[in-house]
Structure formats: structure tokens, C-alpha cells
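Peer 1: First the structure, then my questions, so here it is.
The values are calculated or read from the model by the stated rules, or taken from the named source; none is laboratory data. What you see is a predicted model; the values in this text were computed from it and never measured. For neighbour counting, all protein chains shown are included, and Cβ atoms are generated from backbone atoms with ideal geometry for every residue, glycine included.
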Amino acid sequence: MRSSSHDTGPASVSADARRRRPVAAQVDVDYSPSLQTIRRIEELRADGLPIVSAYVPVVPGGEGRKLLRSETDSLLHQIRPIANDRELDHAVRLSLRGDIDRIGELVENGSFKAGTLAIFSASGAGIFEAIGLPRAVRERITVDATAAIRPMTAVLDEYHRCCAVLVDRETAFAWELYLGEVLEAGALPGAGRRGLGHAVNERRNDHRAEELEKRHFREVATALDELFRMRGYDVLVVGGHEDELPRFVAQLSRPLRERVVGTFPADDDSMKAVAARGHAEAILHDFELSEHRRMVAEVLASAAAGGQAAVGLEPCLWAGSVRAVQALFVDEGASSPGVVCDESRWFALSAEVCPVCGRETRRVPDVINDLIEAVIEDGGSIHHVDGDAGLGERLAAASLHFELPPAPEGTIGT
Ligand SMILES: [Zn+2]
């Protein structure tokens, strides 16, 4: 009987089904959210019901799993009093209780990639969205009329949405590269026209082959225009046979051609999907690094010219304290202990008391994290940059909304 229970006869199937424990409605975590998904969350309204937004960091490994559960528990605990508040509408309380259950279930039953889970729920209105972010942001939970999307968009804005297309004179295949994920966008329309191969092979009919190739490339280019519009891509990577590539790129619309950040030659071997993806990912990485180099160089030059910029960790902490940061560049691997004043939201590397309000400061293991959270809260952008992006020993630099007032005495060692 042991092995026969795996037989596929109708009797054993229903027995299996009975044995299976009822599972909570499964929600897939979206690790590569489309522009539409982001907009949908941005515009979520729940007919007068509250929307719960929860951010929970996910650390890999068994310990991380425990941590995720306990952090989710304590977040949900924060909103339980609201769910039990008899002053509130019954429907509101019911919806919140549904949110608490559903978020708890998701975390209990799922397994997640490292980074942060961003969950938006209004159970009474049938709303439940789970987005997987590739970076850790601080855990938090809010109950409001709209979704708290700022921490999510701050992370997403760090990444480029890239379309990679592999094209030859008969086929075309596209992928989406985003947040370190690779999604197949599939074969593009215009690919695999019947009879084309035949025509191409007819040497005496070269002109006809050229025409067919051109038509195919044009159709693929049109399909790409549509794909860009639908998915909101930022950049394009194109792979193909070296002799055909320029002819294909020439068929792209101008806006699309301007978004080509790299091409890679593909022989018949690397026309295979895996190799093509590797090429495309390397090109995207190089592009992001060169973008970071350019932006960091701009900030450094601006600072050198006495412009609105802060260079180095201490000036950046001061800039964050006065809400001056427009864009913050931090070394990907940098971390530094420091102090925070919770009263005046003041940051520094060290100080017993806050020079702004005179209260005792709180020591934190990594003040850069606190600075990043503050900049996100203020609507600034964050860029984690590689060690070779030009920051060097400076660890942090920022472009500013306004010129910094003088720092409190003794806080910035020069
Ligand atoms: Zn203070």
C-alpha cells in the first residue's frame, strides 16, 4: 500500500486529496513587479477601509526564518489594538483582523528570498499584494487610507528595468532583467515567419531575402516599442549575429535606439538563452556602474566647486539631519557605528548629547542605515554604489537641495 498510494488511479488521487491539509490561499510574492503593479499599489483605495502596509526584512537561513516570524509577529502586534478598537466601525475592525491573519499566514507558510517583503493588505476590499524587494529596509507597519509605498519605490528606483532581446533574421526572443531577476518575455511577434528560411537559402534570390529580413526586423522593432510601453523599460540590450546587428538596430525607433546600452555578438552557440542572458546581465551591470561613476563624479565636482553637495560620511550625516539630501551615494559595503537623536532626528558618528536639543543620543550599530531611512522618508533617492564607482575612502556623498548651514561646533572633524 505504501508505494501504491502514488498510483494515479482515481481512487488514490482522492485519497491523497483528503489527506492533504487545507492550505491558505497561496499568494505569490512578486519579485519583479511591473510598472502597472507599482501604479496599482500606489493608487490602492479600499472604499473607506484601511490599508495595512508592512515591511519585513528577510535574512537568509534558518535563523533568518525565525527572525522573519518574530518580526512579523511584533509588527502585527502593533496594530492589534486598532483591530480591537470598539470605537471603530465593525467593518474596519473585521478587515484589519483579516489583514493580520493573512499577513501572518503568508509569513508562516512561505519561503522568501533575502531582502524585504513589502505587503499591502485590505482584506475587506479583497486587496492583498506581496512584493519582494532585493534590499533590506527597516521593518515597519502602517494603517492608512493609502498604501505606504515610499520605502518600496526608494528601493525600486535604484534599479534599471532592462529588456534584453536576442534577434536573428528569423527569430526574436526577449527577457526582462530587473531587480536581479530574469523574466522571459517570450518570442516576439514577427518571429518565425513560415517560408522565410527557404527564401533566405535561395542564393539567387538575395534581394527577396533582404526584404524579408528587413520586414522581420521592423516587426520585431514594433513589438519592442509596444513591450517598452507596456512594461516601462528603461534600457535595452540587443544580441545577435555581428553582421545583422547594425541592420536590426537601424530599424529601432529613435527613442528605443537611444535606450540601447549595449549589444553583444551571438554566434550559433550563444544564440542559446542561457548564454544570451549572461551577456545581457553583464552589459546591464557595466551600464549601472558607469552611471554611478558619472553621478558620483558630478557630486564630487560640484562639491569641489563649492556647490550644493556633501562629501564624506560626517557632512552627509549633517545633511541628512537638516533634510537637505536630494540624492545619497553610499558605498555598497560601508557601515559605521554612530549616534542618533530620536527627538530632533540628528545623526553623527559620535556625541553624548544632541547639540540641537540637548538630549542624550542613542548609539546605533550602523548610522548609515539610519541616514538612508531618513533620506527615504524625506523623499530623496538612494544609490548603493560599488567600491570602484569613485567614492573611494569617502564612503558617502550627496547632492543637496540647499547649501548646508554650519554644522554644530565640534561635530564635523576637519
Ligand atoms: Zn536632539
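Peer 1: Can you find even one residue in segment 319-326 that is crowded, with 23+ Cβ neighbours inside 10 Å and within 14 Å of the ligand (Cβ to nearest atom)?
Peer 2: yes
Peer 1: Evaluate segment 284-300: report whether one residue or more is hydrophobic (A, V, I, L, M, F, W, C), in a helix (DSSP H, G or I) and free of Cβ contacts under 8 Å to residues at least 12 places away in the same chain.
Peer 2: For segment 284-300, residues hydrophobic (A, V, I, L, M, F, W, C), in a helix (DSSP H, G or I) and free of Cβ contacts under 8 Å to residues at least 12 places away in the same chain: absent.
Peer 1: Which one is surrounded by the most Cβ atoms within 10 Å (Cβ to Cβ), of the residues in segment 360-386 that are assigned to a loop (DSSP other than H, G, I, E, B) and touching a residue at least 60 places away in the same chain (Cβ under 8 Å)?
Peer 2: For segment 360-386, the residue satisfying everything is 386.
To keep it simple, each residue is scored yes or no on (1) of a type in the set (A, V, I, L, M, F, W, C); (2) in contact with a Phe, Trp or Tyr (Cβ under 7 Å, 6 or more places away or on another chain); (3) farther than 20 Å from residue 169 by Cα.
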| residue | (1), (2), (3) |
| --- | --- |
| 229 | no, no, yes |
| 246 | no, no, no |
| 249 | yes, no, no |
| 257 | no, no, no |
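Peer 1: Run down 341, 357 and say which single residue is under 27 Å from residue 55 (Cβ atoms), without any contact (Cβ under 8 Å) to a residue 40 or more places away in the chain and over 28 Å from the mean Cα position of the chain (by Cα).
Peer 2: From the options 341, 357, the qualifying one is 341.
Peer 1: Filter segment 301-322 down to residues that are farther than 18 Å from residue 395 by Cβ and within 28 Å of the chain's Cα centre (by Cα), then give me how many there are.
Peer 2: Adding up the residues that qualify gives 1.
Peer 1: Being crowded, with 20+ Cβ neighbours inside 10 Å and among the acidic types (Asp, Glu) is the filter here, so list the residues in segment 73-125 that pass it.
Peer 2: 99
Peer 1: While we're looking at this one, here's another question. Filter segment 328-367 down to residues that are hydrophobic (A, V, I, L, M, F, W, C) and under 19 Å from residue 156 (Cα atoms) and give me whichever is nearest to the ligand (Cβ to nearest atom).
Peer 2: The extreme case among them is 328.
Peer 1: Residue 392: away from the ligand (no atom under 12 Å from the Cβ), on the phi > 0 side of the Ramachandran plot and modelled with pLDDT under 95, yes or no?
Peer 2: yes
Peer 1: Related question: Would a scan of segment 14-30 turn up a residue that is in the same structural domain as residue 137 (by TED's automatic domain parsing), surrounded by 10 or more Cβ atoms within 10 Å (Cβ to Cβ) and modelled with pLDDT of 90 or more?
Peer 2: Checked against the condition, which is being in the same structural domain as residue 137 (by TED's automatic domain parsing), surrounded by 10 or more Cβ atoms within 10 Å (Cβ to Cβ) and modelled with pLDDT of 90 or more, segment 14-30 yields at least one hit.
Peer 1: Kindly indicate whether residue 311 is modelled with pLDDT of 95 or more, β-branched (Val, Ile, Thr) and within 16 Å of the ligand (Cβ to nearest atom).
Peer 2: No.
Peer 1: Same structure again: So residue 32 clears everything in (1) in a helix (DSSP H, G or I); (2) in contact with a strand residue (DSSP E or B) (Cβ under 9 Å, 6 or more places away or on another chain); (3) of a type in the set (S, T, N, Q) except one condition, right? Which one?
Peer 2: All conditions are met except number (1).
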